[in-house]
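All of the numbers you see were taken from the coordinates with simple rules; none came from a lab. Bear in mind the structure is a predicted one, so any value in this text is a computation, not a measurement. Note: ideal-geometry Cβ built from the backbone for every residue, glycine included; neighbour counts use all protein chains shown.
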Amino acid sequence: MARVTRSLPMTEPDSEGTTGMACYAEVLTDDTTWEKHSHPFHELLWNERGASSAVVGSRVWTITPAVGLWMPAGTPHSASAFAGTWLRACFIGSGASTSMSGVPAAVEMTPLLRLLLERLCESELTSRSRQTTEAMLLDVLTPSPRELIVHAPASALLAPIADAVRRDPADPRSLGDWAAELGVSARTVSRAFIAETGTSFARWVTSVRAQHAVGLLARGWDVEAVARKVGYRSANAFGVAFRRTTGFTPGTFRGQ
C-alpha cells in the first residue's frame with residue numbers, strides 16, 4: 001500500500017489567546033505521514049482504533065486508545081499512522097487555562113475524560129452546556145506518568161544501532177556485539193546511550209520493543225505473535241517486560 005504524505009504549515013500560537021474547543025475525527029484509508037508542522041492551538045490527540053506516532057525533536061510518542069498525547073500550541077512535530085487508524089483530536093484554544101505544561105505530555109484516556117470529549121462533540125450542545133463541559137474537561141485533563149515514548153539517538157556512533165533496532169526490534173545483538181562492530185569499547189557505547197537517551201542500551205531496546213508491540217497489538221496481532229516479532233521467547237517474558245516499561249498490560253492495547 002502506498003504511503004500518503006500530508007503537508008501542514010508551521011504556525012505560532014494564537015496571539016489572541018482564544019479558549020474555545022473543536023473536535024476532529026478521521027479514519028485513514030492510506031498509510032499516512034504528516035511532515036513537520038505546528039498549530040496555533042493546543043491538541044489532545046488519541047485514537048479510537050489503532051496506534052499512531054508523533055515525533056517531537058528526538059522523542060517518539062505512541063498514541064493509542066488508552067494513552068493520548070498533549071501537543072502544546074506552536075510545537076513543531078511530525079506524525080505517522082497506518083491505514084485503518086481511527087484518529088481523534090480535540091483542538092483547544094491557546095488561551096485556555098489548564099494544568100498541562102508547555103511541553104508534550106502523555107494523557108491517560110480515562111472513562112471520564114472520554115465521556116466529556118464525546119459530549120463536547122455533540123452538535124446540539126447548548127452554549128451553556130458547552131462552556132460547562134469545556135471547563136470540566138480542562139479540570140480533569142492532567143499529564144500521566146505512564147507514557148509510551150522513546151528517545152531516538154542521532155549521533156553518528158549510535159545511529160546505526162538505533163536504525164537497526166527500530167527496523168527489527170528482535171535484533172539480538174548485545175551492547176558488546178555492537179561495540180565490536182563499531183570498533184569502540186562497550187563502555188563508550190554505554191555512555192553515549194545514557195547521554196543521548198537518558199537510559200541504558202538494554203532499557204532503550206526494551207522501550208523500542210514495547211513501542212513497536214503497541215502498534216502490532218492495536219492492529220489485532222495475537223500477543224504470542226507480537227512477543228516473537230519483537231524478540232521475546234515467550235508471551236510471559238514479553239508481558240513482564242512490557243508492563244515494567246509501560247505500566248500497562250499488552251491486553252490494554254490489543255485490537256482496540
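The table that follows gives values for the structure above.
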| item | result |
| --- | --- |
| Nearest 10 degrees, 0 to 90: helix 111-120 Cα axis against the chain principal axis | 50 |
| Choice from A81, A25, A106 with maximal GNM fluctuation in the chain (Cα, 10 Å cutoff) | A25 |
| Residue among A156, A54, A225 with the largest mean-square fluctuation in a Gaussian network model of the chain, springs linking Cα atoms under 10 Å | A156 |
| Mean residue ellipticity (222 nm) of the chain, computed from DSSP H runs ≥ 4 via -39,500 (n - 2.57), nearest 500 | -10500 deg cm²/dmol |
| Farthest positive-ward along the chain dipole, Cα basis, beta-carbon charges - from A66, G20, F91 | A66 |
| Fraction in percent of alpha-carbon pairs per bin - 10 Å, the range 3-140 | 12, 44, 36, 9, 0 |
| Cα-projected label distance for E224 with A2, points at 7 Å along beta-carbon direction, nm | 4.0 |
| Value of relative contact order over the chain, rounded to a whole percent, pairs C-alpha under 8 Å and six or more apart | 18 |
| Among W221, A179, S52 the positive-end extreme of the charge dipole of the chain (Cβ point charges) | A179 |
| Cysteines in the chain lacking a second Cys C-beta under 4.7 Å | C90 |
| Ascending count of other beta-carbon atoms within 10 Å, so fewest first, for W61, W221 | W221, W61 |
| Nearest-ten-degree value, helix 186-197 long axis tilted from longest Cα axis of the chain | 0 |
| Additional length obtainable on full extension of the chain from D139 to E12, 0.36 nm per residue less Cα span | 43.2 nm |
| Max mean-square fluctuation residue, GNM over the chain, Cα-Cα springs under 10 Å, options A152, A164, A180 | A180 |
| Other-chain or far-sequence residues with amide H under 5 Å of L8's (modelled H) | E35 |
| Proxy reagent accessibility, fewest Cβ within 10 Å first, across K36, K229 | K36, K229 |
| Residues whose placed amide H lies under 5 Å from that of S144, excluding near-sequence neighbours | A106, V107, E108 |
| Likely footprinting exposure, S78, S38, fewest C-beta neighbours within 10 Å first | S78, S38 |
| The range 127-199-the range 54-86 distance, computed between alpha-carbon centres (Å) | 13 |
| S200-T33 pseudo-label distance in nm [points 7 Å out on the Cα-to-Cβ vector] | 3.4 |
